[in-house]
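Trainee: I am attaching a structure below and will ask some questions about it afterwards.
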Amino acid sequence: MKTQVAASVLAILGGATALLVPSTSNAGNVGYFKNEGGCTGFVGDPSAAITAAGHTPVAIASLNAASLAPLDGLVYNYFCAGSFVGNADVNNAVANGMDLFLNLHLSSGDTGAAANFPGAPAITVAYACSPATIDSDLAPGSPIATGTAGTLTNSSLDGSAYCSSSGYVSSGPLPGGFTPLLTSAGNTSAFSYTHGSGRVVIGLTQTQVALPGGLAVGHFPGTSLFYSNVVEWMLGGGGTPTTCASEGYTGTKLTWCKN
């Protein structure tokens with residue numbers, strides 16, 4: 001499912017010209033979807049952040065197998081929709097190689113949310129939204145600190161009437177490939193793990209409201225950068241993505257390369 005091209009040999013205009021496209025972090029299709037329950041208009045638009053990460057944003061109207069099949073990654077914002085409910089098609093897509101960024105506003109009392117994450121990791125998450133959790137820090141060695149779009153600091157997701165963190169990992173065992181990304185009040189509030197051939201990033205935050213068009217734009221100044229760096233890292237980035245255009249192809253050659 002992932003757009004990882006090792007060496008594509010393309011015939012141009014029926015000739016024998018061959019183009020070799022490097023395999024490093026090619027641009028992919030990243031879907032975005034939101035479930036905001038009874039809080040319509042709260043969640044903003046992550047499409048510009050996806051573009052800044054070097055990928056193509058794709059609006060998804062529903063989470064079904066047909067919509068997910070063309071995607072390399074998915075940004076799924078879940079906010080104000082009660083206890084989190086999983087989706088079998090999303091879980092299958094991740095197992096088959098799609099990467100997922102689930103940014104979840106954890107509801108009070110929803111300690112069973114992790115059972116609905118892809119792969120049903122045997123962890124427990126706890127709700128936490130208080131004055132102590134309006135700030136988030138980068139976990140030590142967090143791989144999302146720097147990306148093509150810029151660098152996050154420990155103040156990038158601080159300072160709002162909303163909770164930068166709405167929850168944290170309260171117990172293990174930790175799933176395979178577990179990587180802490182953010183902490184809040186000393187607890188892991190955003191993390192990643194692997195499921196099948198895909199990577200899952202879970203953000204237990206309320207930063208969705210600070211995306212462009214959201215209810216609280218600017219409340220967490222680094223929100224768009226947070227999304228960009230997560231998307232770039234989970235799709236195998238870490239530097240400028242290699243695309244057909246960045247390789248210098250134009251006109252007909254560019255079209256063939258993209259195809």
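Read the figures in this text as sums done on the coordinates, not as results from a lab. None of the values given here were measured: they were computed from a predicted structure.
Trainee: From zero outward in steps of 5 Å, how is the percent of C-alpha pairs of segment 44-88 spread across the bins?
Mentor: 5, 18, 26, 23, 19, 8, 1
Trainee: Mind listing the long-range amide H neighbours of Gly198? Cut-off is under 5 Å, sequence gap 5 or more, other chains count too, H placed in the peptide plane at 1.01 Å from N.
Mentor: Hits under the 5 Å cutoff: Gly97.
Trainee: Something else about it: List the residues, sorted by chain then number, that are 5 or more residues from Val75 or on another chain and whose placed amide H is less than 5 Å from its amide H.
Mentor: Those qualifying (amide H under 5 Å, at least 5 residues apart or on another chain) are Gly31, Tyr32, Phe33, Phe101.
Trainee: Could you tell me the center-to-center distance, by alpha carbons, between segment 140-156 and segment 168-196 in angstrom?
Mentor: Spelled out, the Cα-based centre of one part sits 17 Å from the other.
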